[in-house]
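So the structure is just underneath, and the comments pick up after that.
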Amino acid sequence: MYAVCAPAAAEESGVAGVSCAVSGVGGAGDGCGDGGDASAGSEKTEVVAMTSEMRQSGAEPLRGRAAIREAVERIVGEARVVDMHTHLYPEAFGKLLLYGFDALVTYHYLIAEYFRATRASYESFWSRDRAGQADAIWQALFVERSPISEAARGVLTALQALGLDTTDGKPADFRAHFRSVDVGAHIERVFDAAGVDEVVMTNDPFDDAERPVWMEEGFALTSRFRAALRIDPLLLDWSSSCGRLRVWGYNADALLSETALSEVRRFLDDWIYRTKALYMAVSLPPTWAYPEESPSATLLERCVLPVAQDHGIPFALMIGVQRTVNPGLRLAGDGVGRADVRAVERLCIRHPDVRFMVTMLARENQHELCVAARKLPNLLPFGCWWFLNNPSLIEEITRMRLELLGLTVVPQHSDARVLEQVIYKWKHSRALIGEVLGRKYADLAATGWAVTESAIRSDVERLFSRNFLEFVQ
Ligand SMILES: [Zn+2]
């Protein structure tokens with residue numbers, strides 16, 4: 001019993017693959033679980049036609065589970081990322097760019113955890129300035145108890161990666177460090193530490209702090225930052241947005257006349273051109289329905305989707321946020337609700353020429369979303385969002401996606417609101433994705449398939465950048 005393997009024609013990726021026909025049963029291993037090195041010492045797969053080019057290009061089949069997993073984790077660790085959804089900004093956006101110790105520690109994830117750990121009143125916390133809030137959170141979550149939650153550990157991962165001493169760190173020392181940085185150089189350093197080449201922002205033309213920056217004469221984005229047009233106010237609050245569009249010179253009306261619909265399309269066109277947006281996006285509550293009779297559905301159907309199609313850009317839906325479950329927590333007070341995947345299916349079926357990128361907040365929606373994506377080539381599931389961005393869930397969701405959808409997903413986005421968060425979000429996620437993928441390739445090798453470094457590299461590049469870049473083109 002042996003495998004006859006020969007170099008196959010290069011795939012469209014340009015990577016030389018190896019095709020193998022296994023005769024007999026058993027192949028290189030039993031293919032189960034994470035057990036020992038199933039192929040070590042085995043002669044079953046040794047008949048491999050190997051050329052020196054294959055070795056040099058990483059086309060040599062890797063042997064043994066341990067070697068495969070080591071290679072996968074190394075390659076995933078080195079992969080360059082295009083982070084397809086963040087809330088980061090370049091320097092030109094001034095105060096919209098959040099960075100540094102106080103911003104990291106007062107992130108809304110940690111504010112919610114602070115109120116669980118203390119009996120502080122909302123009023124007393126919110127009346128403090130940001131440094132005071134950070135001090136209170138640091139004391140409660142990092143001094144009085146161990147910071148084992150994902151959000152708390154993430155702060156330490158980021159500080160450590162920037163060379164700061166986390167063994168006995170003091171807020172004053174951390175603040176002193178961030179006060180001393182040159183912001184432009186710091187952005188580069190953070191991106192390097194995270195292995196991120198580019199991030200996609202969340203650009204809201206209805207935001208009074210953001211809009212004027214785009215309108216400045218000669219404004220141009222730096223290469224690290226790409227735009228995405230976020231249109232929540234347009235879709236979810238037409239009665240207010242309509243008035244604002246009129247102020248900006250668009251002939252909109254509350255009743256959504258044909259003229260108004262045409263003017264909304266012109267507004268979207270203008271902003272897509274202005275920002276060079278890679279996609280449009282909206283965040284939706286778990287109750288979102290499609291189709292339905294509402295201004296939101298009309299605007300979606302008559303404006304957003306035709307414009308997406310015209311420009312050849314996808315529409316991203318982030319579904320499942322239950323807004324303001326606890327108003328006292330402000331931004332930290334949002335929750336999660338299970339949404340209806342049938343609505344996503346109907347949307348994708350009705351609009352086969354529009355590409356949809358979808359992430360859902362409820363763990364309970366993940367399996368149905370994967371199954372929907374199997375049926376719908378214009379649906380790209382992405383990321384482990386917000387309350388799902390935890391190791392146990394990232395691992396579970398990544399495994400499920402790879403098993404149901406192979407390599408046709410975007411496994412993660414950072415959703416970073418504070419610059420340094422990209423470091424921890426990618427560092428933690430890389431470790432998990434590498435682990436899951438390592439097991440998958442080891443199981444694959446157990447079938448006799450030749451798993452090579454060059455093939456792994458190509459696959460990993462798809463997951464970390466190419467799937468997204470090809471989807472938005
Ligand atoms: Zn977001």
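Exactly one residue out of L432, L444, L404 is surrounded by 23 or more Cβ atoms within 10 Å (Cβ to Cβ) and not β-branched (V, I, T): that is L432.
Matching residues to (1) surrounded by 15 or more Cβ atoms within 10 Å (Cβ to Cβ); (2) closer than 30 Å to D459 by Cβ:
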{"position": "R69", "(1), (2)": "yes, yes"}
{"position": "L104", "(1), (2)": "yes, no"}
{"position": "R130", "(1), (2)": "no, no"}
{"position": "F142", "(1), (2)": "yes, no"}
{"position": "E150", "(1), (2)": "yes, yes"}
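The set of residues in region 226-239 that are farther than 16 Å from Y273 by Cα and crowded, with 16+ Cβ neighbours inside 10 Å comprises D232, P233, L234, L235, L236, W238.
Would it be correct to say that V304 is closer than 17 Å to D232 by Cα, away from the ligand (no atom under 15 Å from the Cβ) and touching a strand residue (DSSP E or B) at 6+ places or on another chain (Cβ under 7 Å)? So V304 fits the description; yes. Here the helices (runs of 4 or more DSSP H) wholly within region 338-451 that include at least 3 residues being modelled with pLDDT of 95 or more, under 30 Å from H108 (Cα atoms) and within 16 Å of the ligand (Cβ to nearest atom) are 421-445. Taking the listed residues G184, G195, the one that is more than 20 Å from the chain's Cα centre (by Cα) and in contact (Cβ under 8 Å) with a residue 40 or more places away in the chain is G184, with no other qualifying. Scanning region 301-330 for residues that are among the aliphatic types (A, V, I, L, M) and either over 22 Å from F468 (Cα atoms) or assigned to a strand (DSSP E or B) (or both) yields A316, L317, M318, I319, V321, V325, L329. Return the total of residues in region 153-182 being more than 17 Å from H428 (Cα to Cα) and in a helix (DSSP H, G or I). Qualifying residue count for the region: 10. Only one entry of E113, E73, E91 meets the criterion of being within 27 Å of the chain's Cα centre (by Cα), under 30 Å from A450 (Cβ atoms) and away from the ligand (no atom under 16 Å from the Cβ), and that entry is E73. Count of region 362-381 residues, restricted to those that are surrounded by 22 or more Cβ atoms within 10 Å (Cβ to Cβ) and either basic (K, R) or in contact with a Pro (Cβ under 8 Å, 6 or more places away or on another chain) (or both), is 3. The set of residues from region 76-88 being among the acidic types (D, E), buried (at least 18 other Cβ atoms within 10 Å of the Cβ) and more than 16 Å from the ligand (Cβ to nearest atom) is empty.
The values are calculated or read from the model by the stated rules, or taken from the named source; none is laboratory data. In this text, all values refer to a predicted model and were calculated from it rather than measured experimentally. Cβ coordinates were reconstructed from backbone atoms using ideal geometry, including for glycine residues, and neighbour counts include every protein chain displayed.
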